[in-house]
Structures are given as C-alpha cells and as structure tokens.
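First up is the structure itself, then whatever we jot down about it.
Any read-out appearing in this document is the output of simple, stated calculations on the displayed coordinates, not a laboratory observation. Note that the coordinates shown come from a computational prediction; the quantities given were computed from them, not determined experimentally. No Cβ is skipped: glycine too gets one built from the backbone with ideal geometry, and neighbour counts run over all protein chains shown.
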Amino acid sequence: MSDKTDVEHPLTPTREDQATSDESFSVISESAVADKPADSDESEWRNVSSDTSEDDQAKRPTSHPLQQSSAIDVSAYSNDSWAQQQQESSLLDAEGLPNAQDGDSGATTPIKEREIELDPDTSHIKGFSNAGDIDGIADLEVEGQLPEWLNGEHYTIGPGTYDIRYTRKIEIDGYLQSATATFTFGHWFDGLPLANRFDFNGKRNAITYRSRLTCRRLVEKIRDHHGYAPPHPAGLFKTDSNQTMLVKFLKSAPKANKPDAEPCAARILAGIPGVDGRLFAQNHANHIQELDPFDLKPTRVLCWNEVNPAFKGYSSCPNGQYDPQTGEYINFTMEIGYQSTSYNFFSISDRNPKGSIIASVTAPTGYVHSFSLTPKYIVLVIFPLLTNTAAVKFAWNESIMDSFSFYPSEPTLFYVISRDKGQHLVTYRAEPCFAFHHVNAYEDGHDNINVDILCYKDATIAHQLTTENMRNPSEMKPSRLAPSELRRFVLSNIEDESLSYLTNNSILPTASGVASRVSSMWSYLRGTNTTTDVENSSAQPSTAAAGWYATLPVASSGQLIQTAMELPQVNPLYRMHRNKYVYGLGFSEESDGKIWDSIVKADIETHKVTATWHQEHCYPSEAVFIGRPSASADEELQEDDGVLVSIVLDSARATSFLLVLDASNLQVLAKAYLGVLVPLSFGRGSYRLRT
C-alpha cells in the first residue's frame with residue numbers, strides 16, 4: 001500500500017504544466033546576449049511517475065497557495081525572441097530514448113585526433129569568457145563507444161555570461177556623447193548561468209545536446225542600471241556592484257520577481273522529493289530557480305520559505321544532501337542575527353512534501369558551501385571564514401568575500417545534530433582551515449563519525465578564483481592555486497561527549513563583546529571602521545579571548561592522500577557509508593598550477609592516486625560519477641563500476657567536448673565535440689537514468 005500523502009508539494013507543476021514540458025522548442029541560435037553593444041548531488045535520484053485515477057483527483061484537496069496556475073505564465077517572456085517558439089519533434093523517441101537523427105547505427109566510431117587548425121593560445125583563459133546557447137537539439141558525433149546501459153539525461157550548470165556591455169552618456173567639450181562600457185562579474189562563482197542538457201542513448205551510441213542562458217532578463221536590467229546590486233544578501237560572491245550605497249537603502253527584496261532575473265548557478269538538481277518533471281537550480285542565497293527539463297526555460301523562482309514558512313533566512317546551502325534510504329532531501333537556511341546565526345535544518349520527502357524543521361543550531365555566521373550527512377546525524381562544519389563588521393555588510397547585500405574574513409586564531413567547529421532527536425548533541429573543534437566541499441561521512445559502528453573534507457590551510461583559494469586572476473593568471477598571487485588536502489576528521493564517542501557538552505554548555509558573551517559589536521556597526525555606518533573594529537566584531541567571538549572553545553572535545557584528523565584535488569565525487573551508493581575511492585579534478589605533472597587540468601582517481605585506503613586522465617591543452621569541469629545499474633537484484637557491483645562524465649575545454653581547438661571515462665581505470669570510452677565553447681564551471685551537476 002502506498003504511503004504517499006495527498007498534500008500537493010509547493011513546487012509541483014500542474015497537469016497542464018507537465019503536458020507542456022513534454023514538448024521541446026526551437027529558436028534561431030543567437031550569439032551571447034551579453035555581447036550586444038545596444039542593449040545531489042543528488043545524482044542517484046530517479047524520477048518515477050505514477051498514474052492518478054479520477055476518483056483520487058476528486059479527493060485531492062485544494063491547491064497549496066504556492067501551487068502553479070493551470071498554465072505557465074509566459075508573459076514574462078513576451079518581449080523576448082526566444083519565447084516565440086515553434087514545436088518540434090520531442091527529445092525522446094517512442095521508446096523514451098534520445099531522438100538522434102542517426103540513431104539506428106550501433107557501430108563504434110573510433111577515437112581519433114580531429115584535424116583542425118590549432119589556436120596558439122592554449123591556456124585556460126578562454127574558459128572564462130561569454131558563451132552562447134543552443135536552444136535547438138544538436139546531434140553530436142560520438143567518437144568511441146558509450147556503455148549500453150548509459151541511457152538518460154545529464155545536466156550541468158555554470159557561468160555563461162561574465163561581461164555585459166552597456167551605453168552611457170558622457171560629456172565631451174560640453175556635448176553629451178554616447179560611450180560604451182562593460183560591467184564584468186568579478187568572480188568565477190558570479191557569472192550568469194548557462195544550463196546544459198545531454199541525452200545519452202548507449203544502445204545507439206548517440207548523444208544529443210542543448211543549452212540555455214537562464215538570466216536574459218537580468219542582463220537587460222544590468223544594461224539599464226550599468227551594474228548589479230542584488231536586493232538580498234549572498235547575491236554575489238566577489239563582484240563590485242558598480243552601484244551607489246543609496247541603492248542598498250532604497251531597494252530590498254527577498255528575490256527577483258521574474259524567473260530569468262535571479263542567477264542560480266551553484267548547482268542543478270534533476271528533482272526534489274515529491275516533485276516530478278522539473279529541474280531546480282540553486283545559488284548561495286536561498287533561491288530555487290525552476291527550469292523546464294526539456295528546453296531548460298526558467299519557469300519560476302522562489303525562496304525556501306515559500307515552500308514552508310518555517311524555512312526562513314537570508315541564505316542557504318547550495319549543496320543539500322539526499323538520503324536514499326529515507327527519501328529525504330535535507331538542507332538548511334540561515335537566519336542571520338546580530339551576534340550569531342540560526343542554522344535551520346529541514347527535510348523534504350514524498351511523505352512530507354511541504355517539509356519540516358529537523359533542528360535549529362545557533363553558531364557563528366560562517367560561509368558554508370556544504371555539510372555532511374550520515375544515517376543518524378547531520379554534521380555542520382563552521383570554518384573560521386566568518387562575517388566581519390557584525391554582519392552589517394552582509395545584511396546590506398555586500399558580496400560574500402567583502403563581508404567575510406578568515407580568522408586563523410579561531411577553531412574549525414563541528415556541530416553534530418541528531419536526526420532522530422532533532423537536537424544539537426555536541427560541538428567538536430579542530431585546527432583552523434577552510435573548505436568548499438565535504439566528500440563523504442559515515443558512522444563506524446563504535447560511536448564515532450568519520451568526516452572526509454577537501455581542506456585548505458586558509459581561504460586564499462576563494463580569493464584566487466576571481467575573474468581577473470583566471471583571465472590574467474600571471475598576476476595571480478600566490479602564483480599557483482592553493483593546494484587542498486583530503487583530510488579525515490574523527491568525531492569520537494558521540495554519546496559520552498554529548499552528555500558532557502550539554503552539562504557544560506552555559507557560555508554567554510561578555511558585555512564588552514556586545515559593546516565592541518555595537519562599535520563596529522556604527523563605525524561601518526560612518527564609513528570609518530578600523531582594524532580594531534573588525535578584530536572585535538562578531539567574526540571573532542568575544543568569548544574566544546577567554547578560550548571558551550578549550551572545553552570542547554577535539555576532532556582528530558589525518559591526511560588521506562598527498563595529491564590536491566577539487567570538486568570531489570564518490571559512488572552515490574557509498575554516500576553515508578565507508579568508501580574506498582574518491583574522484584576529482586587535479587593537476588597534471590605539466591600543469592603550471594593555475595587551474596585544474598586532469599581527472600584523478602584516489603584510493604583512500606592505500607592513500608595513493610590509482611589513475612589519471614589528462615589531455616594536453618584541455619581543462620575539465622566537474623567529473624560526475626554515474627554508477628552502472630545492476631542487471632538483477634542479486635548482482636553485486638564494484639564501487640568503481642560506472643563512468644565519469646565531464647565537459648572539457650579543448651583550448652587548442654577553441655571548443656569543448658563531452659568526455660566519458662571508465663571509472664575503474666579512467667580510460668576514455670567516448671567523447672563528443674560540442675561545436676561550441678562551454679566556459680569552465682565550479683557548479684555541481686546531476687543526472688537521471690532511464691530504466
């Protein structure tokens with residue numbers, strides 16, 4: 001008997017919306033709009049649909065207040081040429097497989113070097129330029145052979161627009177003249193998004209491709225305003241808004257009012273529990289941009305508190321976690337207060353589509369890009385990259401890196417939350433460090449939690465990944481990207497330490513600490529904040545001087561491998577369990593250290609790199625692990641039984657290709673040139689296999 005609730009999910013599209021999403025659309029391809037002078041991961045999720053009888057429909061309650069109307073409102077697109085679309089053949093054929101034109105040929109195309117004139121500039125610089133999109137369906141020429149089981153969709157997201165030209169009036173010899181200027185997003189994480197969809201048909205050895213720039217309306221807005229000042233915190237990572245301070249007082253809103261006016265480029269999800277037939281892109285704020293999975297058109301943008309009013313806060317984590325055992329999607333929102341922040345962890349599932357709060361944790365206001373999940377616990381890690389000026393700059397919508405500072409005198413804090421009890425159990429401490437990505441976490445059966453994280457010594461890496469440094473690598477300081485370390489933190493004796501922590505947890509901020517925060521706030525308002533103000537602000541908790549964290553249990557740690565890597569991947573079936581292999585982007589022996597140029601496989605039990613893929617003058621984006629599905633219920637699969645899929649920039653040929661590697665040895669199975677250049681991405685992708 002089904003346990004499904006009859007409560008409609010706030011994100012769920014109506015039946016008519018789903019009908020429209022079954023059609024694909026086509027327009028004339030255009031160049032990057034920004035160049036016109038005038039103007040989990042949850043990889044393992046499956047999208048299983050179910051039929052609903054007429055009687056069931058009659059019993060269904062009235063729609064949730066956030067439920068979409070019977071048809072998508074396309075008025076927002078009425079002035080855009082890309083909205084005037086004509087129907088074309090579906091992406092899928094009658095068998096539900098990619099509708100490739102040359103589909104009936106199962107012959108293997110050998111991988112060979114393409115004869116083409118090479119670009120003398122073979123650096124990664126062109127991977128940080130504007131891109132166009134391909135709204136129609138492109139049939140790619142596959143070199144090599146896809147695995148027969150690889151049938152499904154793969155979605156990626158990343159920056160597609162960095163530079164936006166606009167015209168302004170200037171006075172020359174007493175006369176007003178028109179001049180052209182350019183607004184440039186200042187960080188790799190800030191570029192306006194380009195979403196990509198690939199359809200695999202392993203049996204026919206075919207791949208189709210389409211892409212879309214998803215923030216055209218925001219491009220027009222930036223042209224009109226000669227810059228971009230987000231109306232909410234966490235809207236930019238490190239970009240000068242080119243706007244006056246007055247804008248911050250006059251304009252404040254939780255989100256943009258049009259679906260293609262809010263940039264969401266940190267992650268793309270192939271689904272959320274309780275919602276079928278939609279894509280969801282996320283950013284560093286608390287926004288979810290809904291995309292049509294076929295033509296990638298933005299259809300809605302909403303905040304987490306519109307899903308459930310209890311999910312309130314300025315910001316959210318772009319990398320939520322999915323538990324395949326319970327079917328829960330877990331994430332948090334941040335309610336930023338004057339002295340601290342409440343991290344509100346919530347859960348959404350098919351049984352509870354509106355979701356509910358698991359627990360709220362009060363902690364320093366830190367930059368949190370990801371967190372860890374085990375069957376029993378949530379582990380929130382606060383690195384000492386913390387708000388400065390009492391979080392005033394962050395609340396006033398300054399970019400993240402202008403609002404946060406790294407404090408090497410502060411510890412890294414590990415907050416352990418019980419999923420069953422809905423309670424913060426204990427906080428551990430470790431040496432100061434910084435990280436973007438957790439790799440995996442699991443319980444060892446002896447009341448300990450192992451947490452694997454790609455760590456950096458400090459937050460230098462976040463400052464290095466600016467647009468200026470990526471485009472002028474010779475000017476980057478230090479000259480090589482900061483190296484990461486794959487470290488394992490062991491949180492020991494959870495139950496015993498929890499009892500001790502709850503007994504001793506009575507530390508309160510001092511009066512002098514509160515006074516220093518008030519001083520910092522008013523100094524910032526006057527524009528005279530000093531080094532002393534910053535040092536005494538909420539970024540450096542007042543109790544730290546008294547060594548308050550000395551009473552916390554210590555998280556022991558050790559390095560798992562010597563090789564630096566980023567954008568880590570594990571087999572989704574091994575998340576929350578002990579794993580042997582980790583994949584990620586690395587540096588080849590020939591690399592100058594300016595950008596990752598290889599894909600590596602590491603064995604964390606032997607502490608060695610066991611395989612590497614590298615091609616001269618090529619630079620990969622995230623390599624997503626797609627595991628081979630089992631042929632039968634009793635088949636035992638190996639942990640590295642699957643493929644890695646990555647979009648690779650071929651700088652010498654000034655184009656990009658899709659790369660498919662055997663995950664066991666990183667040998668090339670297939671590649672397909674896209675015919676266009678796709679900028680390099682730090683965003684996380686997802687996939688959906690068809691069975």
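Quick look at the numbers
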| quantity | calculated |
| --- | --- |
| Neighbour-count order for GLU616, GLU589, fewest beta carbons within 10 angstrom listed first | GLU589, GLU616 |
| Candidates per GluC sites (Glu not before Pro) in region 625-685, loop by DSSP, up to 10 other Cβ within 10 Å | GLU635, GLU636 |
| Spherically averaged projected area of region 547-627 from its Cα convex hull (nm²) | 7.9 nm² |
| Contour minus Cα-Cα distance for HIS607 and ALA181 (0.36 nm per residue) | 148.3 nm |
| Coarse-grained scattering of region 173-241 at q = 0.14, 0.21 Å⁻¹, given as base-10 log I(q)/I(0) from a Debye sum over alpha-carbon atoms | -0.63, -0.96 |
| Over 17 Å [Cα-Cα, region 258-322], rounded percent | 36 percent |
| Of LYS221/LYS312; LYS169/LYS594; LYS238/LYS258; LYS221/LYS393; LYS297/LYS376; LYS312/LYS477, pairs whose Cα-Cα distance is over 32 Å | LYS169/LYS594; LYS297/LYS376; LYS312/LYS477 |
| Sorted by Cβ density within 10 Å, fewest first, the residues ASP496, ASP603 | ASP496, ASP603 |
| Overall form of region 340-452 per C-alpha gyration tensor (a/c, 1.5; a/b vs b/c) | oblate |
| Proxy reagent accessibility, fewest Cβ within 10 Å first, across TYR619, TYR155 | TYR155, TYR619 |
| Extension gain, GLN325 back to ARG480 (0.36 nm per residue minus Cα-Cα distance, nm) | 51.7 nm |
| Mean shadow area of region 603-649 over all directions, Cα convex hull, nm² | 4.7 nm² |
| Globularity index of region 329-370, i.e. its alpha-carbon radius of gyration over 2.2 N^0.38 Å | 1.27 |
| Linear extension gain, ILE170 paired with ALA310, 0.36 nm per residue minus alpha-carbon span | 45.5 nm |
